[in-house]
Amino acid sequence: MKTILITGAAGDVGTHLRRELAGKYRIRASDLRDLKHKVKGQKFIRADISKMADALKITKGVDAVVHLGGYSVEGPWEAILSANIVGCYNVFEAARRNGVKRILFPTSNHATGFYRRDQTIDHRVYIKPDSRYGVSKVFGEALGSLYADKYGMEVFCMRIGNVNPAPIDKRRLSIWFSPRDLAQLVTIGIEHPEIRFEIVYGVSKNQRSWYDNSNAARLGYRPQDNSETYAAQILAREKPGGDPRAESYQGGIFCVAEEVPNPAPLPKRAKKRKRG
Ligand code: 15L
């Protein structure tokens, strides 16, 4: 059974993923925060990925890394710099030094958030980040490309939409990613024999999708879920009159806000240190 490191394992996406992959892989979970939802048999290591020593410790002896750890929304530059630039570099570099070839990097729809909602984009479009957070995800993609070309690592970048058991609003009808589809795509990222450097969109089979996800389909991705099942209910409760710029771009509120509420704030004792 393969050993998989999941960084940022205490977050929403990490929690869904650990549940979905239970029994399929030996999971090593790491985070700066406590794991609120423990899954039996999964080992937890507390780590601050902005420290190279921690990154080296957690990546030792694993078959692949799913690097979810980081600051997950638009926010202060210092927090993004430390978690998503320094932290991301440390995880790639530590994996390389420890001989771990395969890294799955969950990038984000916010790497391309300034495409309009009437555009359909594929994995080859020019990046258009909508926030400092989006820029940090583009940094991770670029780092992945470097580590693939220069060091022969196998890097699978998933531009994730919004992971939730059900879509939560109109924008998310286009970018919803159900937990079971997430698990399917991650499994492809871990198992596919021909990954060198790939960018795919981490979304379900949504009727209102903004993505041509043919690169994921080429690698065998067959999503099961479609947000349309929830559309009538969601549109009925949607309030009209949001910011027109936010409404016209795929990244929504990230295109106009300086801060987006953090769904997983740091514990008080860890605030002075950074996110891991
Ligand atoms: C993301 O990249 C964030 O990590 C997540 O918290 C959501 O805000 C998501 O994008 C989204 O666009 O809904």
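What follows is calculated from the coordinates using simple rules that are stated; it is not laboratory data. Predicted, not measured: the structure shown is a model, and the values here were computed from it. Neighbour counts run over all protein chains shown; Cβ positions are idealised from the backbone, glycine included.
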Open item on the list: Can you tell me which residue is farthest from Ile195 (Cα to Cα) among those in the range 150-165 that are within 11 Å of the ligand (Cβ to nearest atom) and of a type in the set (Val, Ile, Thr)?
Closed with: Val163
- [ ] Select, from Gly87, Gly8, the only residue that is closer than 19 Å to Cys157 by Cβ, in contact with a strand residue (DSSP E or B) (Cβ under 7 Å, 6 or more places away or on another chain), among the small types (Gly, Ala, Ser) and crowded, with 21+ Cβ neighbours inside 10 Å.
- [x] Gly8
- [ ] State yes or no: is Val62 in contact with a strand residue (DSSP E or B) (Cβ under 8 Å, 6 or more places away or on another chain) and surrounded by 16 or more Cβ atoms within 10 Å (Cβ to Cβ)?
- [x] yes
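For the condition within 16 Å of the ligand (Cβ to nearest atom), β-branched (Val, Ile, Thr) and part of a loop (DSSP other than H, G, I, E, B), what is the one hit in Val73, Val39, Val66, Val62? Lay out the reasoning, then the answer.
Working: Val39 fails: within 16 Å of the ligand (Cβ to nearest atom); Val66 fails: part of a loop (DSSP other than H, G, I, E, B); Val62 fails: within 16 Å of the ligand (Cβ to nearest atom).
The match here is Val73.
Can Phe114 be described as surrounded by fewer than 24 Cβ atoms within 10 Å (Cβ to Cβ), over 24 Å from Asp149 (Cα atoms) and touching a Leu at 6+ places or on another chain (Cβ under 7 Å)?
Values: surrounded by fewer than 24 Cβ atoms within 10 Å (Cβ to Cβ): yes; over 24 Å from Asp149 (Cα atoms): yes; touching a Leu at 6+ places or on another chain (Cβ under 7 Å): no.
No: the conditions fail for Phe114.
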Task: Candidate set: the range 190-236, residues that are farther than 18 Å from Gly251 by Cα and of a type in the set (Lys, Arg); chosen: the one farthest from the chain's Cα centre (by Cα) - done: Arg218
Task: Residues that are within 20 Å of the chain's Cα centre (by Cα) and either within 10 Å of Ala9 (Cβ to Cβ) or in a helix (DSSP H, G or I) (or both), drawn from the range 48-57 - done: Ala55
Task: Single residue of Phe92, Phe139, Phe105 found to be surrounded by fewer than 20 Cβ atoms within 10 Å (Cβ to Cβ), at negative phi and either within 13 Å of the ligand (Cβ to nearest atom) or not in a loop (DSSP other than H, G, I, E, B) (or both) - done: Phe139
Task: Test: Ser82 is assigned to a loop (DSSP other than H, G, I, E, B) and either within 16 Å of the ligand (Cβ to nearest atom) or surrounded by 17 or more Cβ atoms within 10 Å (Cβ to Cβ) (or both) - done: no
- [ ] Working only within the range 197-218, note down all residues that are more than 11 Å from Ser178 (Cβ to Cβ) and surrounded by 16 or more Cβ atoms within 10 Å (Cβ to Cβ).
- [x] Phe197, Glu198, Ile199, Val200, Tyr201, Arg208, Ser209, Trp210, Tyr211, Asn213, Asn215, Ala216
